[in-house]
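The next block holds one structure in the form of structure tokens; read it before the comments.
The values are calculated or read from the model by the stated rules, or taken from the named source; none is laboratory data. Owing to the predicted nature of the structure, the values given are computational and were not obtained by experimental measurement. Ideal geometry is used to build each Cβ from the backbone, glycine not excepted, and the neighbour counts take in all protein chains shown. Please note that ligands, DNA and RNA were not included when accessible areas were found on the heavy atoms of the full protein model with its side chains. Shrake-Rupley method; radii C 1.70, N 1.55, O 1.52, S 1.80 Å.
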Amino acid sequence: MTVAVAPVPAVGRPRFAALPPLSIYVHVPWCVRKCPYCDFNSHEAKGEAPEAAYVDALVADLESALPSIWGRRVVSVFIGGGTPSLFSAAAIDRLLAAIRARVPLAPQAEVTLEANPGTFERDRFAGFRDAGVTRLSLGIQSFDGAKLKALGRIHDGFEARAAAEAALALFDEVNLDLMYALPGQTPAEAEADAAAAIAFGPPHLSFYQLTLEPNTLFHRHPPPLPDDDAAADIEDAVHAALAAAGYRRYETSAFARPGHECRHNLNYWRFGDYLGIGAGAHSKLSFADRVTRQMRWKQPQRYLDEVGRGMPIQQEAEVTRDDIGFEFMLNALRLTDGVAAASFAERTGFPPAIVERELAEAVRRGLLEPDPATIRATPLGRRFLNELQTLFLRDPK
Ligand SMILES: C[S@@+](CC[C@H](N)C(=O)[O-])C[C@H]1O[C@@H](n2cnc3c(N)ncnc32)[C@H](O)[C@@H]1O
Ligand code: SF4
């Protein structure tokens with residue numbers, strides 16, 4: 001008699017019965033001006049950004065990547081930056097048409113574009129919608145003119161309001177990005193910002209604590225930021241205002257009305273796959289027996305040159321068995337609802353046994369819910385998220 005035994009992955013290699021959902025990220029690396037707090041791969045566009053050449057390069061980049069995503073359906077597209085709204089609607093139309101012609105987009109796929117209120121023109125936003133953008137994400141940061149100035153933003157409070165109003169009139173799905181714990185900010189000022197954002201009634205809001213990132217002007221010349229206790233008071237005030245207005249905090253910094261969560265970002269946090277095209281874009285792609293990470297050439301001109309030579313990828317590496325548990329948790333534990341325990345095997349290709357010791361330790365410390373059906377941080381774990389995630393970090397061998 002033969003007994004059916006579940007296949008055990010060969011040591012060190014993942015095995016996938018089905019590949020994770022796939023998203024596409026497109027990076028546009030130019031901005032009108034570099035903000036002093038920003039460490040994204042964004043560069044001041046001196047004169048016009050080379051939009052036609054860049055769209056050509058993105059299409060060539062996508063073509064060269066097609067063998068790695070062959071036959072797979074794409075659930076969402078995110079055009080981020082930098083400032084994609086610097087590009088004309090015609091350029092975004094050409095880009096999206098090229099993507100649709102080369103990969104099967106799921107019906108109702110979410111297509112997000114990041115926009116800066118300082119680049120707002122109503123006709124351009126309408127053009128993005130007509131090109132197939134379904135969701136606009138606006139970098140408001142604050143509605144307070146003095147704070148916008150302190151942040152070095154190119155827009156003022158009036159432009160922030162005008163852009164939010166136009167975005168909401170044109171799109172069903174809109175996100176407003178705001179930051180808190182700004183230079184000299186009081187809890188009352190942060191609450192006023194939250195109230196101004198809520199008054200527009202967007203389906204989605206993101207609130208990030210302003211952080212001093214290495215290699216930024218603010219890191220070299222720090223502005224007077226609220227101290228840790230003051231920042232915690234500000235955060236509590238902002239979160240309370242959002243909850244009272246019906247926004248659920250479904251991820252560390254993301255708030256949505258029910259059913260309006262960002263599907264693209266949810267795919268990241270649930271350890272889905274993504275192909276990133278454009279300067280410095282990152283990819284995570286699964287194959288039947290491996291998971292790889294890639295990064296495109298970071299510097300925009302170098303990227304354009306290398307795509308011309310058919311070599312858009314600067315770095316590529318396989319994700320090891322030792323790293324994959326940490327990478328999964330880095331994402332999944334950000335979600336308020338966590339993820340189903342079964343998704344660990346589905347998304348990493350390894351049985352949860354590879355992180356059993358760490359899971360038990362996290363439960364013992366009260367950072368992880370003891371429920372065996374889900375992987376979810378406790379309220380304490382959410383507060384000390386970094387400590388919880390770090391438990392899954394393995395020493396390099
Ligand atoms: C790539 S930007 C997107 C939009 C566009 N570039 C803009 O700034 O209007 C994404 C968001 O990250 C947030 N962000 C950028 N740098 C940050 C920092 N140092 N600390 C906290 N949040 C930051 C901002 O809220 C920003 O809107
Ligand atoms: S506009 Fe956005 S991406 Fe560009 S420098 Fe400012 S924060 Fe960074």
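Only residues that are in contact with a Lys or Arg (Cβ under 6 Å, 6 or more places away or on another chain) and either among the aliphatic types (A, V, I, L, M) or surrounded by fewer than 18 Cβ atoms within 10 Å (Cβ to Cβ) (or both): list them for region 89-112, please. Lay out the reasoning, then the answer.
Here is the first cut: in region 89-112, the ones in contact with a Lys or Arg (Cβ under 6 Å, 6 or more places away or on another chain) are 89, 104, 106, 110, 112.
Across region 89-112, the qualifying residues are A89, P104, A106.
Kindly state which helices (runs of 4 or more DSSP H) lie completely within region 88-196 and contain at least 2 residues that are more than 16 Å from ligand 2 (Cβ to nearest atom), more than 23 Å from the chain's Cα centre (by Cα) and among the aliphatic types (A, V, I, L, M). Steps first, answer last, please.
Numbers: elements: 89-102, 122-131, 145-150, 157-170.
Where helices (runs of 4 or more DSSP H) fall fully within region 88-196 and carry at least 2 residues being more than 16 Å from ligand 2 (Cβ to nearest atom), more than 23 Å from the chain's Cα centre (by Cα) and among the aliphatic types (A, V, I, L, M), they are 89-102, 157-170.
Under 21 Å from A240 (Cα atoms), touching a residue at least 40 places away in the same chain (Cβ under 8 Å), within 10 Å of ligand 1 (Cβ to nearest atom) and touching a helix residue (DSSP H, G or I) at 6+ places or on another chain (Cβ under 7 Å), is that true of S206?
It is false that S206 is under 21 Å from A240 (Cα atoms), touching a residue at least 40 places away in the same chain (Cβ under 8 Å), within 10 Å of ligand 1 (Cβ to nearest atom) and touching a helix residue (DSSP H, G or I) at 6+ places or on another chain (Cβ under 7 Å).
Quick check on region 43-62: of everything there that is among the acidic types (D, E) and surrounded by 15 or more Cβ atoms within 10 Å (Cβ to Cβ), which residue is farthest from ligand 2 (Cβ to nearest atom)?
Residues of region 43-62 that are among the acidic types (D, E), as a first pass: 44, 48, 51, 56, 61.
Checking which are surrounded by 15 or more Cβ atoms within 10 Å (Cβ to Cβ) leaves us with 51, 56, 61.
On the way: E51: 16, D56: 23, D61: 20 Å.
Residue satisfying both the conditions and the ranking: D56.
Taking region 70-83 as the search range and keeping residues that are more than 10 Å from ligand 2 (Cβ to nearest atom) and outside any strand (DSSP E or B), which one is nearest to G139 (Cα to Cα)?
Going through region 70-83, the residues more than 10 Å from ligand 2 (Cβ to nearest atom) turn out to be 70-79.
Now drop any that are not outside any strand (DSSP E or B), which leaves 70-73.
Details: W70: 34, G71: 35, R72: 32, R73: 29 Å.
My answer is R73.
Which pairs turn up if I take residues in region 157-177 that are closer than 11 Å to G139 by Cβ and open to solvent by 20 Å² or more (accessible area, probe 1.4 Å) and look for partners that are polar (S, T, N, Q) and at pLDDT 95 or above with beta carbon separation below 8 Å, at least 6 apart in sequence or on another chain?
From residues that are closer than 11 Å to G139 by Cβ and open to solvent by 20 Å² or more (accessible area, probe 1.4 Å), the pairs are D177/S137; D177/Q141; D177/S206.
Please go through region 63-81 and give me each residue that is open to solvent by less than 50 Å² (accessible area, probe 1.4 Å) and either farther than 29 Å from G118 by Cα or at pLDDT below 95 (or both), ordered by number. Quick ask: steps written out before the conclusion?
Kept after step one, since they are open to solvent by less than 50 Å² (accessible area, probe 1.4 Å), are these residues of region 63-81: 65-66, 68-69, 72, 74-81.
A65, L66, S68, I69, R72, V74, V75 - these are the residues of region 63-81 that are open to solvent by less than 50 Å² (accessible area, probe 1.4 Å) and either farther than 29 Å from G118 by Cα or at pLDDT below 95 (or both).
Within region 225-258, which residues are free of Cβ contacts under 8 Å to residues at least 40 places away in the same chain and part of a loop (DSSP other than H, G, I, E, B)?
Within region 225-258, D227, G246, P258 meet the criteria.
Given the criterion outside any helix (DSSP H, G or I), in contact with a strand residue (DSSP E or B) (Cβ under 9 Å, 6 or more places away or on another chain), in contact (Cβ under 8 Å) with a residue 12 or more places away in the chain and crowded, with 21+ Cβ neighbours inside 10 Å, identify the matching residue among A279, A362, A317.
Exactly one of A279, A362, A317 is outside any helix (DSSP H, G or I), in contact with a strand residue (DSSP E or B) (Cβ under 9 Å, 6 or more places away or on another chain), in contact (Cβ under 8 Å) with a residue 12 or more places away in the chain and crowded, with 21+ Cβ neighbours inside 10 Å, namely A279.
Please go through region 197-211 and give me each residue that is open to solvent by 10 Å² or more (accessible area, probe 1.4 Å) and away from ligand 2 (no atom under 14 Å from the Cβ), ordered by number.
Hits for region 197-211 are I198, A199, F200, G201, P203, Q209.
Would you mention how many residues in region 13-30 are over 17 Å from F78 (Cα atoms) and crowded, with 21+ Cβ neighbours inside 10 Å? Please lay out each step first, then the result.
As a first pass, look at region 13-30 and keep what is over 17 Å from F78 (Cα atoms): 13-20.
Retained after the next criterion (residues that are crowded, with 21+ Cβ neighbours inside 10 Å): 14, 20.
So the count comes out to 2.
Mind listing whichever residues of region 31-42 are under 28 Å from V103 (Cα atoms) and either touching a helix residue (DSSP H, G or I) at 6+ places or on another chain (Cβ under 9 Å) or open to solvent by less than 50 Å² (accessible area, probe 1.4 Å) (or both)? Show your work before the answer.
So the first thing to find is which residues in region 31-42 are under 28 Å from V103 (Cα atoms), and the list is 40-42.
Those that are under 28 Å from V103 (Cα atoms) and either touching a helix residue (DSSP H, G or I) at 6+ places or on another chain (Cβ under 9 Å) or open to solvent by less than 50 Å² (accessible area, probe 1.4 Å) (or both): N41, S42.
For region 114-126, state whether one or more residues are more than 15 Å from ligand 1 (Cβ to nearest atom) and surrounded by 22 or more Cβ atoms within 10 Å (Cβ to Cβ).
No, every residue in region 114-126 fails to be more than 15 Å from ligand 1 (Cβ to nearest atom) and surrounded by 22 or more Cβ atoms within 10 Å (Cβ to Cβ).
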